[in-house]
Structure formats: structure tokens, C-alpha cells
Amino acid sequence: MSQAPANDLTLHGSILLVDDNYKRRSLRAIMLSTHGYKVDSVSSSAEAHLSWEATRPDLVLVAFSRYHGGTLEFLEKIKRVNPQQRAAFVNGESHLSPLFYNGELVRKAEGPEDLIEQVRALLASL
């Protein structure tokens, strides 16, 4: 079985991207959608909850530059409703931010495109 090229536009899964920084959120959404992921991007935990209820994505990717009160509560609530829901954090402000799942490093970023590899590795491992 052959592997699809990195820029293949075939849908690889759905991602809810929660990021309070508009510029970073937009760039990450473009990168993920260009690589075949269906991305719904929002700026707050309140918007995230509404989107999650409507779409039930394969992955919830949270990338806040600072703590927002509802973030952890949002993740706890969706985990109560669906314990199998995949959720991960991108820690930090840049594209070189590592991706964490259940407190474990999924993959260390070494370049701007590594977010795609991080997400791919996470979804493949589950």
C-alpha cells in the first residue's frame, strides 16, 4: 500500500483548532487544510464547545498563548461526554512548538511544516 504525498488533498480527518491568536490560528488552519484535514478554527473555549457539539472532530487541537479560564473546563466536559475524544495542546507561540497529548510529547518540531507531521503522528498512533 502506497502512502499519500504530504500535499495530498484527500481528507485525512477533522480537526477543531482552538487558538486565541488570529494570525497563528489562520496560518495553522491553512497548513492543516492544505494537507487534507477538514479544519474548523475558533478563538475561544465558548466557540469551541459550540463547534465541537456540531462537528465532533477527530482531534481537538488547543493552542492558547496564555491560560484562558474555560479551556481546561471545555476539555474536561468533552472528555466526560466522549472519553475517546482525542485532544492535544500545542505549547507556545511559534510553529516550532511541540505537540502534547495526555501530557506526553508527541513529536518535537524542527520546522514550520512539523505541525503536520505532529498531527499525523498523533492520529496514526491512536
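Scanning the stretch 33-53 for residues that are assigned to a helix (DSSP H, G or I) and either in contact (Cβ under 8 Å) with a residue 40 or more places away in the chain or of a type in the set (Phe, Trp, Tyr) (or both) yields a total of 1. The condition (being within 13 Å of Arg28 (Cα to Cα) and either modelled with pLDDT of 80 or more or hydroxyl-bearing (Ser, Thr, Tyr) (or both)) is satisfied by just one residue among Leu75, Leu61: Leu61.
The values are calculated or read from the model by the stated rules, or taken from the named source; none is laboratory data. Because the structure is predicted, anything quoted here is derived from the model rather than measured. Note that we place each Cβ from the backbone using ideal geometry, even for glycine, and neighbour counts take in every protein chain shown.
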